[in-house]
């Protein structure tokens, strides 16, 4: 009977170990942790006035985070996909080709053109939470054309100047599937240094 128990215990252990093959891994950046697909690689970058680093996805997209006082919020300076004819004429063939799939406008003179700016915004965003903070989840209005990611305005709890510390984490021109994986990873962020 004890041999049978040992055999049953071994089988249960093997079953547990074989089911624990996660397709994800957790990366600890010190200030925060993030869970990403195992196929994504860490990408080291040297920052000057902030903590900058990133990831490279299995589709070779680069995802960069910036943790510091000057981390960018793409919604603060709204970009419009409205271009003057002279500006558009200087675009490369590749730039013009990329614009074909977007809602954009080419005008003779930007200042006298009649259009609704909100119809040509490059980005849209929604507010959600990451760990204990409110975050802007930002994505391009035209799929695959522009940056996708998050912005957290001020992290509190990390020291005397932490209320000035911001976090942005973006990737450019992501496919739909990569953007979904990226947003899922962003939702997994644990800001252990900042959340109390």
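The values are calculated or read from the model by the stated rules, or taken from the named source; none is laboratory data. Quick caveat, the model's predicted, so the values are computed rather than measured. Every residue, glycine among them, receives a Cβ derived from its backbone with ideal geometry; neighbour counts consider all protein chains shown.
So which of 73, 66 ends up being modelled with pLDDT of 90 or more, surrounded by 12 or more Cβ atoms within 10 Å (Cβ to Cβ) and not in a strand (DSSP E or B)? First the steps, then the outcome.
Numbers: 66 fails: not in a strand (DSSP E or B).
Exactly one of 73, 66 is modelled with pLDDT of 90 or more, surrounded by 12 or more Cβ atoms within 10 Å (Cβ to Cβ) and not in a strand (DSSP E or B), namely 73.
Quickly run through the stretch 8-29 and pick out the residues that are assigned to a loop (DSSP other than H, G, I, E, B) and modelled with pLDDT of 90 or more. Please lay out each step first, then the result.
Here is the first cut: in the stretch 8-29, the ones assigned to a loop (DSSP other than H, G, I, E, B) are 20-23, 29.
Those that are assigned to a loop (DSSP other than H, G, I, E, B) and modelled with pLDDT of 90 or more: 23, 29.
Under 30 Å from residue 189 (Cβ atoms) and loosely packed, with under 13 Cβ neighbours inside 10 Å - does that describe any residue in the stretch 128-147?
Yes - at least one qualifying residue is present in the stretch 128-147.
Go through (1) part of a loop (DSSP other than H, G, I, E, B); (2) modelled with pLDDT of 90 or more one by one and return the number of the condition residue 158 breaks.
The one condition residue 158 does not meet is (2).
Just need a number here: residues in the stretch 26-38 that are more than 20 Å from residue 195 (Cβ to Cβ) and surrounded by 13 or more Cβ atoms within 10 Å (Cβ to Cβ).
1
So which residues in the stretch 131-153 are over 12 Å from the mean Cα position of the chain (by Cα) and part of a strand (DSSP E or B), if there are any at all?
Correct list: 133, 134.
Name every residue in the stretch 79-106 that is farther than 30 Å from residue 155 by Cα, outside any loop (DSSP other than H, G, I, E, B) and in contact with a helix residue (DSSP H, G or I) (Cβ under 7 Å, 6 or more places away or on another chain), in order of residue number.
Residues satisfying the conditions are 82, 105, 106.
Against the definition (assigned to a strand (DSSP E or B) and within 13 Å of the chain's Cα centre (by Cα)), how does residue 36 come out, yes or no?
yes
Return yes or no: is residue 58 under 21 Å from residue 148 (Cβ atoms), in a loop (DSSP other than H, G, I, E, B), in contact with a strand residue (DSSP E or B) (Cβ under 8 Å, 6 or more places away or on another chain) and modelled with pLDDT of 90 or more?
Numbers: under 21 Å from residue 148 (Cβ atoms): yes; in a loop (DSSP other than H, G, I, E, B): yes; in contact with a strand residue (DSSP E or B) (Cβ under 8 Å, 6 or more places away or on another chain): yes; modelled with pLDDT of 90 or more: yes.
Judged against the criteria, residue 58 is a match.
Kindly list the number of the only condition in (1) in contact (Cβ under 8 Å) with a residue 40 or more places away in the chain; (2) in contact with a strand residue (DSSP E or B) (Cβ under 6 Å, 6 or more places away or on another chain); (3) in a loop (DSSP other than H, G, I, E, B) that fails for residue 113.
Failed condition: (1).
Assess whether residue 41 counts as being closer than 22 Å to residue 181 by Cβ, at pLDDT 90 or above and surrounded by 17 or more Cβ atoms within 10 Å (Cβ to Cβ).
Judged against the criteria, residue 41 is not a match.
What about residue 102, is it without any contact (Cβ under 8 Å) to a residue 40 or more places away in the chain and either under 22 Å from the mean Cα position of the chain (by Cα) or not assigned by TED's automatic domain parsing to the domain that holds residue 32 (or both)?
no
Assuming residue 192 fulfils every condition listed in (1) under 28 Å from residue 31 (Cβ atoms); (2) assigned by TED's automatic domain parsing to the domain that holds residue 66; (3) at pLDDT below 90; (4) not in a helix (DSSP H, G or I) apart from one, which condition is it?
Failed condition: (2).
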